[in-house]
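The values are calculated or read from the model by the stated rules, or taken from the named source; none is laboratory data. The structure displayed is predicted, hence computed values, not measured ones. Every residue, glycine among them, receives a Cβ derived from its backbone with ideal geometry; neighbour counts consider all protein chains shown. All accessible areas refer to the heavy atoms of the entire protein, side chains included, with ligands and DNA or RNA removed. Shrake-Rupley method; radii C 1.70, N 1.55, O 1.52, S 1.80 Å.
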Amino acid sequence: MWRGLCTLVARAARGPHRPCRRRSSESPALGSGTTIFALSSGQGRCGVAVIRASGPASSLALRSLTAPRALPPARRACLRLLSDPRSGEPLDRALVLWFPGPRSFTGEDCVELHVHGGPAVVSGVLQALGSVPGLRPAQAGEFTRRAFARGKLSLTEVEGLADLIHAETEAQRRQALRQLDGELGQLCRGWTETLTKALAHVEAYIDFGEDDNLEEGVLEQGGPPGWKGGWGLPPTALTRPPPPAFPSTADRDVRALEAALRAHLRDARRGQRLRSGAHVVVTGPPNAGKSSLVNLLTRKPVSIVSPEPGTTRDVLETPVDLAGFPALLSDTAGLRDGVGPVEQEGVRRARERLEQADLILAVLDSSDLASPATCSFLDTVVARLGAGNPNGGQRLLLVLNKCDLLPPEAASPGPGLPPHLLLSCLTREGLDGLLGALQKELATLCGDPSTGPPLLTRARHQHHLQGCLDALGHFAPARDLALAAEALRVARRHLALLAGGGGTEEVLDIIFRDFCVGK
């Protein structure tokens, strides 16, 4: 009996897919017989350019360019004269590094050439590499794809690397670095272990639940003396009637996992905002200083500024780094009853964009709070959303612009106003306070990448976690143990696809297509 139960445990532990650190069975046989090379540093003139080669002919390529010198010691930078293998013409004096596989980025034999960054030098070295038999130029993301195919990176780590390359703000860099370090993959592995243990309980209960040698609650106890499995096997075999109900240990673990998955899915939008940018809409009545605020936050003249009301008649969008967080900043038309069809269309688009906003910057003229347009805006927009309070996922900051026009003795711009910030786009008074408030609001919307659990930054992550949660919704061992076991297998398969990428080739193509050549 023990041997049979241990076999069940091993079978459940293997499962249909391993979650990560594996070679994808559907990945192409990258690098089999071919060696790739590319410029891995940026284009253009620079002090040093890095050229990388990976594959079985890497050592031949290095010997060809540095003949008659032998290969340098592994993972040590050495100064070598590079020459064209066809003509023997010197190309450059460079630092070369030799990385024999599997201890390299791709897991294959790799070479790095640190040459001077002039275009003629880089072009000459690339042409020389192209003349070596067995070498070809790399495609976009091919180095990283080979690293993934050989188990050097899990799929979530690959995505973290891509995000790190494209990171434009401090928050994006922190989040990408955490994902590259494998935090999301480790979380998935922990969840997978929970499901594997629960599956072992279920399958053991199916096969041995009616065995006369099992006592009630047997699957909740420890294993036999000296057994290291830890899958809830009894230390002794007692003759007792079969247990009347499924043990609560596995059910409790699965329900706790369901709660954790729901919490992460509720948080999914934060990670996607952090990766692609929160939508920040600047709105308000005409001539309140919306365009001036947009220009101030973007540090460039994005919008036309004029004392004439109704200058902005369309939605102007620009990506911007706001207090370390990515944002898509939208300047909109002033909200009023338009005097013409063009301005009316601008107001319609402004209201439409207002409904899509994650964060609303409501701008008012602090020196003209009694105007009909300002009062109408306070009643229809600010009062509905509530300044500083979340409402349906949206948040609002009320900004009173032109505070430099207020008399010095004025303690407050107006009585009964909701929480607000004073600002002068002309003198920049109050800008630090506004940036601090923006940082807090965006941290709430995007999450703090320095603390807390890993964020879900891609729709793919959310899809597989939702699939895992949906499968666990069918876990009902009290009704049917066989269906409960299948629900656990489906849930584990979704986690494996999330972390290990054992999916279709089209999914991998989508992930790798955003990489640059040379990475």
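The largest accessible area among THR34, THR192 belongs to the first residue in THR34, THR192, and the rest follow in falling order (1.4 Å probe, all chains). Separation of the stretch 135-185 and the stretch 300-362, taken as the distance between their Cα centroids, equals 36 angstrom.
Counted by Cβ distance under 15 Å from THR444, the other residues give a net charge of +2, where Lys and Arg count +1 and Asp and Glu count -1.
Taking 0.36 nm per residue of sequence separation and removing the Cα-Cα distance, the ALA482/SER376 pair yields an extension gain of 31.9 nm.
Estimated at 0.36 nm per residue, the fully extended path between ALA120 and THR34 surpasses their Cα-Cα distance by 28.3 nm.
Phi angles of the stretch 446-459 translate, via the Karplus equation with coefficients 6.51, -1.76, 1.60 and θ = phi - 60°, into HN-Hα couplings of 9, x, 8, x, 8, 10, x, x, x, 8, 8, 9, 10, 4 Hz per residue; Gly and Pro are given as x. Binning all Cα-Cα separations of the stretch 64-136 at 10 Å, short to long from zero, yields these whole-percent fractions: 19, 51, 28, 1. Between LEU177 and LEU71, what FRET efficiency follows from the Cβ-Cβ distance if R0 is 30 Å, with the result rounded to 0.05? Step by step, r from the Cβ atoms, then E = 0.35.
A DSSP coil position with no more than 11 other Cβ atoms inside 10 Å describes the following trypsin sites (Lys or Arg not before Pro) in the stretch 259-342: ARG299. Taking all protein chains together and rolling a 1.4 Å probe, THR427 ends up with roughly 80 Å² accessible. Taking all Cα pairs closer than 8 Å and separated by 6 or more residues, the relative contact order of the stretch 42-185 comes to 22 percent.
Across the stretch 144-202, the relative contact order, built from alpha-carbon pairs under 8 Å that are at least six residues apart, equals 29 percent.
Cross-linked pairs LYS290/LYS440; LYS402/LYS440; LYS197/LYS519: Cα-Cα separations exceed 28 Å for LYS197/LYS519.
Radius of gyration over Kirkwood radius for the stretch 257-391, both on Cα atoms: the Rg/Rh ratio is 1.03. Using θ = phi - 60° in the Karplus curve 6.51 cos²θ - 1.76 cosθ + 1.60, the 3J(HN,Hα) couplings for the stretch 34-48 round to 10, 10, 10, 8, 5, 6, 9, 9, x, 6, x, 5, 7, x, 9 Hz; x is entered for Gly and Pro.
Based on the Kirkwood radius over alpha-carbon pairs, what value in µm²/s does the Stokes-Einstein equation return for the translational diffusion coefficient of the stretch 43-188 at 37 °C and 0.692 mPa s? The calculation lands on 198 µm²/s. CYS78 contributes about 20 Å² of solvent-accessible surface, heavy atoms of the protein only, 1.4 Å probe. In the neighborhood of LEU456, defined by Cβ-to-Cβ distances under 10 Å, what is the net charge if each Lys or Arg adds +1 and each Asp or Glu adds -1? Counting the neighbours of LEU456, the net charge comes to +4. The label-point distance for ARG255 and ARG351, in a model that sets each label 7 Å from Cα toward Cβ, rounds to 4.8 nm. Just in the stretch 107-186: which GluC sites (Glu not before Pro) are loop by DSSP and have at most 14 other Cβ atoms within 10 Å? Loop-located and lightly packed - GLU168.
Sorted from longest to shortest, the spans of the Cα atoms of the stretch 130-173 along the three principal axes equal 45, 23, 10 Å.
Residues SER104, SER41, SER450, ordered by accessible area of protein heavy atoms at a 1.4 angstrom probe radius and largest first, appear as SER450, SER41, SER104.
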